[in-house]
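One structure is given below, encoded as structure tokens.
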């Protein structure tokens, strides 16, 4: 048992996948420890969803090895998926069913009988914040409720590991915070979480470790704090307003590094006091002073160009 | 996915039952309108043409035109019931609602999903076929007990057209795509398969085409069975339908793998 606990919950080596002549996953190596919350970050089209599909054995890699909960994937994908939960990027709840029926029918795909799953329904509904809504139609649920139901549905088989593809995309702040709360609960229960996101704040709050993916490659890996320390100066001042150009020319040297993005200048510094002092003398300029975050790392590594 | 996995025969498992039960649970909520919708059209046609045209034509091949047409419509209604399920309903679950995607995230394979769709399409066909049989029997054109042998014919037709429909589904870009199959394949097939008139009167070349069509073999089985007679060359007809069912499902499996797994 002890030896098994030391094995990674998930490992991938040299993963490659090509679609129509374009390589979308180009040699991905990653390892997730049991009980860890791991974030896979990347702009749209970076290859995150494809990577998840490969890890779940839903698509065959062109090259590479995958071990999921000790089993070889895709060879034993079906067996291992019995111990895994998946929250897909887009809701695919059954619109013809009630909340309860959605959970019952999904449990059947795991070979669970109704009488095995029925006693666990109240807990799953409570987890989804849908206690008392068991008979509600899916169309009557809000976006946040649907997302939580999808999360509860991924738990019908009491999985050891959960894959979540952008679990909070499209949710309002209240709904998002509730999901985060639930994900923390799952980590406390000892489950391993792998989530993809492009909300850096989400990754910083939830994940012990993150990997940044761009154009099919992992370009950085580590704890959010370590990545920030490694790539970005601790303080950031965002400046915009009339006279920005002239100010930057004179005051730019006060920061360790400046970056211009459209009408905004980002000043990175170990101590921002000299930048701020200069800004106080320029009332026409608006500014925001904040600690460096994962988004700065992300933008530095993946660039500011739009990815559509 | 390499070629050997792409072209491997489908691995069938009992897990597919969970998919069938999902479809059944949805259908149960809409059963009455669904059955009425399936049957209204063929019944109106049957009674309209059967009595109306029957009065002009008199008998055909030694039976009333109504009895002749009843056997043909029983087979074609079965064909359409399986087809519509495997085209429009399966496409909506595969592409629009992403139900398939949700299912394969569980320990289910694409083959389980397809086998569930296939058996479900055949079940819908069976339900439609049984309703037609009940109506035909109620107006006195089913000769029991031999007419009961129409039931397995209906199942075979459902499996054959369910499989072919799933193969077409795997190629579809949208719902509009299905009108090609319906108007260019099924409508001519209905004309050539002896539903409305005996195939024997057609020119030799057209008859040769008709004899490779699955519906032709379904009609060739259903018509004598309803009349209480054992069909000539019964096993050959059964074998053709079984081949369409098995071959069609293999084709559907390969095409769907190509669409979703590569």
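State which residue is nearest to residue B:71 (Cα to Cα) when the search covers only the stretch B:205-262 and only residues that are within 14 Å of chain A (Cβ to nearest Cβ) and either part of a helix (DSSP H, G or I) or touching a strand residue (DSSP E or B) at 6+ places or on another chain (Cβ under 7 Å) (or both). Before you say what the answer is, go through the steps one by one.
Keep residues of the stretch B:205-262 that are within 14 Å of chain A (Cβ to nearest Cβ), which gives B:256-262.
Next cut, either part of a helix (DSSP H, G or I) or touching a strand residue (DSSP E or B) at 6+ places or on another chain (Cβ under 7 Å) (or both) only: B:256-260.
Details: B:256: 34, B:257: 37, B:258: 38, B:259: 37, B:260: 39 Å.
Here the answer is B:256.
From (1) within 24 Å of residue A:50 (Cα to Cα); (2) at pLDDT below 95; (3) within 14 Å of another protein chain (Cβ to nearest Cβ), pick out the condition that doesn't hold for residue A:139.
Failed condition: (1).
What is the number of the single condition among (1) at pLDDT 95 or above; (2) within 23 Å of residue A:78 (Cβ to Cβ); (3) more than 14 Å from chain B (Cβ to nearest Cβ) that residue A:109 does not meet?
The failed condition is (3).
Checking the conditions here, which among A:107, A:128 is more than 21 Å from residue B:25 (Cα to Cα), buried (at least 18 other Cβ atoms within 10 Å of the Cβ) and touching a helix residue (DSSP H, G or I) at 6+ places or on another chain (Cβ under 9 Å)?
Working: A:107 fails: more than 21 Å from residue B:25 (Cα to Cα).
Step by step, each of A:107, A:128 is checked, and only A:128 is more than 21 Å from residue B:25 (Cα to Cα), buried (at least 18 other Cβ atoms within 10 Å of the Cβ) and touching a helix residue (DSSP H, G or I) at 6+ places or on another chain (Cβ under 9 Å).
Being within 11 Å of another protein chain (Cβ to nearest Cβ), touching a helix residue (DSSP H, G or I) at 6+ places or on another chain (Cβ under 8 Å) and within 30 Å of residue A:155 (Cα to Cα) narrows it down to one of B:96, B:113, so name that one.
Values: B:96 fails: touching a helix residue (DSSP H, G or I) at 6+ places or on another chain (Cβ under 8 Å).
It is B:113.
Which of the residues belonging to the stretch B:58-72 are surrounded by 15 or more Cβ atoms within 10 Å (Cβ to Cβ) and either touching a helix residue (DSSP H, G or I) at 6+ places or on another chain (Cβ under 8 Å) or closer than 30 Å to residue B:85 by Cα (or both)? Let's see the steps before the verdict.
Taking the stretch B:58-72 and keeping what is surrounded by 15 or more Cβ atoms within 10 Å (Cβ to Cβ), we get B:60, B:63-72.
Correct list: B:60, B:64, B:65, B:66, B:67, B:68, B:69, B:70, B:71, B:72.
Look at residue A:103 and say whether it is under 17 Å from residue A:171 (Cβ atoms) and at pLDDT 95 or above. Full working, then the answer.
Details: under 17 Å from residue A:171 (Cβ atoms): no; at pLDDT 95 or above: yes.
Considered against the rule, which asks whether it is under 17 Å from residue A:171 (Cβ atoms) and at pLDDT 95 or above, residue A:103 comes out as no.
Among the residues of the stretch B:145-161, which ones are in contact (Cβ under 8 Å) with a residue 40 or more places away in the chain and either over 24 Å from residue B:44 (Cα atoms) or out of contact with any helix residue (DSSP H, G or I) (no Cβ under 6 Å at 6 or more places or on another chain) (or both)?
Keep residues of the stretch B:145-161 that are in contact (Cβ under 8 Å) with a residue 40 or more places away in the chain, which gives B:146-147, B:149-150, B:153-154, B:156-161.
Correct list: B:146, B:149, B:156, B:159, B:160.
Of the residues A:248, A:258, which single one is farther than 29 Å from residue A:175 by Cβ, touching a strand residue (DSSP E or B) at 6+ places or on another chain (Cβ under 7 Å) and not in a strand (DSSP E or B)?
Values: A:258 fails: not in a strand (DSSP E or B).
One residue alone meets the criteria, A:248.
For the stretch B:26-46, what are the residues that are surrounded by 16 or more Cβ atoms within 10 Å (Cβ to Cβ) and more than 21 Å from the chain's Cα centre (by Cα)?
None; the set is empty.
Conditions first: (1) more than 8 Å from chain B (Cβ to nearest Cβ); (2) closer than 27 Å to residue B:262 by Cα; (3) touching a helix residue (DSSP H, G or I) at 6+ places or on another chain (Cβ under 7 Å). Residue A:65 passes all but one, so which condition is the exception?
For residue A:65, the exception is condition (3).
Answer with yes or no whether residue A:182 is at pLDDT 95 or above and either buried (at least 23 other Cβ atoms within 10 Å of the Cβ) or more than 22 Å from residue A:54 (Cβ to Cβ) (or both). If you could, list the steps in order and put the result at the bottom.
Details: at pLDDT 95 or above: no; either buried (at least 23 other Cβ atoms within 10 Å of the Cβ) or more than 22 Å from residue A:54 (Cβ to Cβ) (or both): yes.
So residue A:182 does not fit the description; no.
So which helices (runs of 4 or more DSSP H) stay within the stretch B:1-65 end to end and still have 2 or more residues that are under 24 Å from residue B:129 (Cα atoms) and within 12 Å of another protein chain (Cβ to nearest Cβ)?
On the way: elements: B:3-6, B:16-29, B:31-57.
Fully inside the stretch B:1-65 and qualifying: B:16-29.
Taking residue A:71 and the conditions (1) free of Cβ contacts under 8 Å to residues at least 24 places away in the same chain; (2) touching a helix residue (DSSP H, G or I) at 6+ places or on another chain (Cβ under 8 Å); (3) at the interface with chain B (Cβ under 10 Å from one of its Cβ atoms), which numbered condition does it fall short on, given that it satisfies the others?
Looking at each condition in turn, residue A:71 falls short on (3).
The values are calculated or read from the model by the stated rules, or taken from the named source; none is laboratory data. Bear in mind that the values here come from a model prediction, so they are computed numbers and not experimental data. Ideal geometry is used to build each Cβ from the backbone, glycine not excepted, and the neighbour counts take in all protein chains shown.
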